[in-house]
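A short write-up of the structure that comes next.
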Amino acid sequence: MIALFVLGVLIVFYIAWHFTRSRSLLQKWATSNGYEILHSEFRSLRKGPFLWKDSAKQMVFYVRIRSREGQERSGWVLCGGFWTGLFSDKIQVTWEDES
C-alpha cells in the first residue's frame, strides 16, 4: 500500500516537472531570441510539422510571438531532445509561413 502511494506521488511529481520544465524552456527560448509570447498552447495530438517526429519525452507547443521589431508570427516549438527529452535544452522551431 505504501509503495503504491509512493509510486503515485512520483508520477504526479514527474508530470508536474514535465510541464514546468517545458514551459521554462519555451520562455527561455523566447527571451533569448527577443520574442514576447502572446499565446502558447501545448499540443498533444495536432503537432503540425512535428507529428510523428517527436518522442514521448518531448513537448510540442503552438505559439504566437511578437519580435522586438513588432512582427508577429505563429509556429510550432518542439522542446527537448529525442532521446534525452526535457533533460536537454534543445529547441526546434518551425514557423507557419515557412512550413
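The values are calculated or read from the model by the stated rules, or taken from the named source; none is laboratory data. Here the structure is a predicted model, which is why all the values come from computation and not from measurement. Because the Cβ atoms are built from the backbone with ideal geometry, glycine has one as well, and the counts that use them run over all protein chains shown. Quick note on the areas: whole protein, heavy atoms, side chains included, nothing else; ligands and nucleic acids left out. Shrake-Rupley method; radii C 1.70, N 1.55, O 1.52, S 1.80 Å.
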- request: Please specify each residue of the range 67-93 satisfying the condition of being in contact (Cβ under 8 Å) with a residue 12 or more places away in the chain, of a type in the set (S, T, N, Q) and surrounded by 15 or more Cβ atoms within 10 Å (Cβ to Cβ).
  value: Gln92
query: Is it true that Arg64 is assigned to a strand (DSSP E or B), open to solvent by less than 70 Å² (accessible area, probe 1.4 Å) and either of a type in the set (Phe, Trp, Tyr) or at pLDDT 95 or above (or both)?
result: no
message: If I go through the range 7-32 residue by residue, how many of them are of a type outside the set (Lys, Arg) and open to solvent by 70 Å² or more (accessible area, probe 1.4 Å)?
response: 14
statement: Residues of the range 7-34 being closer than 15 Å to Cys79 by Cβ and hydroxyl-bearing (Ser, Thr, Tyr), in sequence order, are Thr20, Ser22, Ser24, Thr31, Ser32
field: Lone unmet requirement of (1) under 18 Å from His39 (Cβ atoms); (2) in contact with a Cys (Cβ under 8 Å, 6 or more places away or on another chain); (3) at pLDDT below 95 for Glu96
entry: (2)
In the range 33-53, residue least open to solvent (accessible area, probe 1.4 Å) [restricted to those that are over 10 Å from the mean Cα position of the chain (by Cα) and charged (D, E, K, R)]: Lys47
